[in-house]
Amino acid sequence: MRVIAIQTKTLGEYHPDLAYALGKLGTMYEIVGRYAEAESYLQRSLAIREQKLGVDSALVTDNLSHLGALYENMGLFAKAEQQYRRALKISEAKLSHDDRQVTYALNVLGEIQVRAKQFSQAEEVLLRSLKIGETKLGAEHINVARTLNDLGTLYRAQGENDQAQPYFERSLKILLGKLGPKDPRVAEARNELGNLLIARRQFDAAERHFKQSLTAMEADLGDDHIHVADCLHGLAVIHASTKHIEAAADDFDRARKITRQYVARVLPMLSDRDQLVFLGSKDEERFHAALSLSWGHPTDALLAERCAGWLANGKSVAQESLSQAAGSEHDVNNPKLKELVVNLNATRAHLARLTTTVPEAGKASEQRLEMNRLGDAERELAKQLNREGGKAAPADWVSIGEIRHRLPPDALLIDFIRFEPFDFSAPQAVDRTPSPRYAAWITPAAGDARVVDLGDATKIDTAVAKFQAAFAPCQSVDKDQNPLQTLGEPAAEKQLRATLAELGQLILEPLKPHLQDKSEVVLSPDAALWLVPWAALPVGDQYALENWNIRYVTSARDLVADVGKHSDHPPRIFANPDFNLPVGDVPQVLASVYGRPLANPVAAAERGALLADDELHSRSSSTLGAAALLPGTAQEAAAITPNLKTFANAEPKLYADKAALEGVFKHLAAPRVLVVATHGFFLPDQKHDRASATENPLLRCGLLLASCNDRGNLPKNSLLDDGILTGQEIVGTDLRGTELVVLSACETGLGEVNRGQGVAGLRQAFQLAGAHAVVSTLWRIPDQATAQLMNDFFANLAAGQSKSAALRNAQLARIKARREKYGAAHPLFWAAFTLTGQ
């Protein structure tokens, strides 16, 4: 760093010699896994060479290749391929097609093609590289060894192990001769050969290679480097396959802890989508293999406990990272970072507008391209803010003992995962069809941990979808289609219970032996299990809610998370928005709410380059249609206010009618309790050809507030709020310290299900913004039933009940009242509300 500072001062910011030093520094940071710094220095080096030497200079290919390798290590293979293809194009244009520089570019392109399973193209590229390398560099050159290793990987990926092994062995022999046994590149080659030997069930030979690799990696990189975890994972698979279970558990345990630290360093510099790509490509398979060790030995309580720790620390790591990043946006004092925040919020506002806008005639593709451009800009701004703000995701390992300590004595944690088991008893076929399963790790406050296999995941997912299809008519406004109207509530309830019982037989029945003598259940669902109304699963003649207090956490780590002090700011209620408020009246209403004119928080960026094409959305209509008024929510707000005041020990502030504005919401400063009673939405993914902005689920969910029906009359080039508050915009609101958010709106618990990472939707948006606990809904509930349940909920809170107990008792009251009045208690009226968090 000091050398860089001196060279910058003496040579200037754009001297070619400085580019060389920056490139070396970037490569060094890449080796030690500090990817944020590596990318910054490599890009700076590239920019200097492009400016001083030209964009097609041969030296530029070095920078492109190093950037490609960096992105490859991060699991961003599409970005890596862009760099590699550009490097190859320059090399072939500037140099001979048989030049040694071309061999390197061909190697890395072949690696990407292997990952993309473009095997025939990869073979052609790599064989060409081998021929050039052997001719120009010699048969024993290090670059030739890399090509040989890549060819081995290609053939192994196709299950051709006999053909792959000689390539791996020859590559290792060359590297040993040129570099010696302690070089990390030799260790990586040993790992490749070791993995092949595992597939061939040659465990003794594989173990020797992995142990030698581990010794070299630890000596050169330290004992907590991700490449050390690679070695440990290989050894764990060998020990599990040879029935040395305790040794395998030790190896997996250490590997998972190293991986947790590594992921915490890498994730903050990635966008939300890139985080999921990274986790899927770099860790998911190994995570599932570790879980499989316990799953395959269900009677081993000690192993189950260790595995429960791996699961707790491996789930929802992306959400933790995003939450940390969201919080950092509100802690900015540096003027440069403040400008980044302003531009980020402006970009999100503009993107939110376009996401819910019907394109004008003939402009659909234009609008989609603009959304893609803004989406790319949003991801880059967020990444830059994270990098320059220096925030990292929490990396501390949470032990099962800590989790147990936070559970009430009569409670237990059930942590679910949808995963693809690793069969240690047989070779892993390359072309095997994954057979995903659901499993649950059960951790009581005291006593042995256990793992329960729930069975085939596809069968369970189908049962969840069957329930949703059976439930949908119960929400129909067409009386002839709604079984509650055609059959009556008792018959409709009986009909739905039959479907729920089928689902419960799959996911609740196997857990029942562990629920004896328990009064509270903390669930951390996964994948489609987030969409299940667990409270409404039948238990004999009752429902699960009548047997247990049920609450949710995104991951078991949430139980021990330090949420900090609750805010002492008064509660805020948004209800009965005037959806028809003219957008032209919004500035005046905002001024009246705050007693002064209020500057648009993104006004500074209004004429910026990011917002160049406002023509696309001016005077366009919403994809959501016109929102119907909700006068019942005003009555709900009035009813809960006295009890909310008692609970929070402060007078709630109501924003209703014209004052229920998006701009008011965005200026919230961590009220202790936030209640939002309005329409919610979650839009399906548009599934465009490329990764588009609309693939961000937080842009496709939101809440409707005042003036949303008049958004088509926004003036051109305006950044006025349009009354549609998306999840992405909610993330930008500072709710750190907010003890409770209650979303008394439709389907606020739905969203895009991401295996191992929770549900990306409104509930997650409020958690990312800092809320400690969120009450949300799985479906639309009739206004009167909602008002009654919410009134009881806040009365229970005011009486001193815990959040989960208050919600449960409010739901039990609705069940009792409906049975007394109608002879039935259909889940439609009470089971939608869930509590997630602390």
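The values are calculated or read from the model by the stated rules, or taken from the named source; none is laboratory data. Since this is a predicted model, take the numbers as computed values, not measurements. Note that each Cβ is placed from the backbone with ideal geometry, even for glycine, and that neighbours are counted across all protein chains shown. Please note that ligands, DNA and RNA were not included when accessible areas were found on the heavy atoms of the full protein model with its side chains. Shrake-Rupley method; radii C 1.70, N 1.55, O 1.52, S 1.80 Å.
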| message | Can you give me the long-range amide H partners of residue 681? Hydrogens built in the peptide plane at 1.01 Å from N, cutoff under 5 Å, separation of 5 or more residues or another chain. | response | 702
| field | Virtual spin-label span in nm between residue 137 and residue 163, 7 Å along Cα→Cβ | value | 2.3 nm
| said: Could you put 519, 555 in order of accessible surface area, largest first, with the 1.4 Å probe and the full protein assembly present? | reply: 519, 555
| Pairwise label distance in nanometres, residue 219 with residue 52, each label 7 Å out on the Cα-Cβ vector | 3.8 nm
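Contact order normalised by length for region 222-265, with contacts defined as Cα pairs under 8 Å and 6 or more residues apart; what percent is it?
Values: 36 pairs, mean separation 19.8, N = 44.
Here the relative contact order equals 45 percent.
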| message | With the crude spin-label approximation of a point 7 Å out along Cα→Cβ, what separation in nm comes out for residue 462 versus residue 591? | response | 6.3 nm
| Heavy-atom accessible area order for 85, 672, 201, 49, largest first, 1.4 Å probe | 85, 201, 672, 49
| Amide H neighbours of residue 574 under 5 Å, counting only residues 5+ apart in sequence or on other chains, H built in-plane at 1.01 Å? | 655, 675, 676, 677
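From the Cα gyration tensor of region 415-525, with a ≥ b ≥ c the square roots of its eigenvalues, which class applies: rounded if a/c is under 1.5, or else prolate if a/b is larger than b/c, or else oblate?
oblate
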| request: Identify the residues of region 570-589 with backbone N under 15 Å of a label point that sits 7 angstrom from the Cα of residue 651 along the Cα-to-Cβ direction, or state none. | output: 570-573
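Carbon-plus-sulfur fraction of the accessible area of region 94-187, 1.4 Å probe, in percent? Kindly include the intermediate steps, with their values, before the conclusion.
On the way: 2160 of 4510 Å².
Carbon and sulfur: 48 percent of the exposed surface of region 94-187.
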| note | Taking only Cα atoms of region 474-570, the Rg to Rh ratio with Kirkwood Rh works out at 1.09
| field | Pairs from 89/117; 282/803; 466/666 whose Cα-Cα separation, in the structure shown, is over 30 Å | value | 282/803; 466/666
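Can you pick out the pairs among 315/512; 315/565; 512/816; 243/315; 565/816; 645/821 whose Cα atoms lie more than 29 Å from each other? Walk me through the numbers on the way to the answer.
Details: 315/512 24 Å; 315/565 25 Å; 512/816 24 Å; 243/315 27 Å; 565/816 36 Å; 645/821 31 Å.
With Cα atoms farther than 29 Å apart: 565/816; 645/821.
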| Whether region 530-591 is rounded, prolate or oblate, judged on the alpha carbon gyration tensor where a/c under 1.5 counts as rounded | oblate
| query | If the chain between residue 487 and residue 713 were fully stretched, how many nm would it gain, using 0.36 nm times the residue separation less the Cα-Cα distance? | reply | 76.9 nm
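For 295, 310, 548, what's the largest-to-smallest order of accessible area, 1.4 Å probe? Mind dumping the intermediate values first?
Working: 295 65, 310 0, 548 25 Å².
Descending accessible area places them as 295, 548, 310.
On a full-extension model of 0.36 nm per residue, what is the gain between residue 476 and residue 369, subtracting their alpha-carbon distance, rounded to one decimal in nm? If you can, show how the numbers build up before the last one.
Numbers: separation 107, 0.36 × 107 = 38.52 nm, distance 3.64 nm.
Length difference between fully extended and current span is 34.9 nm.
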| Accessible surface, per residue, of region 531-576 when the full set of protein chains is kept, probe 1.4 Å, Å² | 35 Å²
| task | Determine which residues of region 526-563 fall in the zone a paramagnetic label at residue 494 would reach in this model, i.e. backbone nitrogen under 14 Å from the point 7 Å along Cα→Cβ. | result | none
| said: Let me check I've understood the local charge: for residue 539, count other residues with C-beta under 10 angstrom from its C-beta, Lys and Arg +1, Asp and Glu -1. What total comes out? | reply: -2
| message | Pairs of alpha-carbon atoms within less than 8 angstrom and 6+ residues apart define the contacts here; what relative contact order does region 82-228 have, in percent? | response | 14 percent
| said: Could you give each residue of region 819-835 its phi-based ³J(HN,Hα) in whole Hz, using Karplus coefficients 6.51, -1.76, 1.60 with θ = phi - 60°, and x for Gly or Pro? | reply: 5, 5, 8, 10, x, 6, 9, 4, x, 3, 8, 8, 8, 6, 6, 10, 10
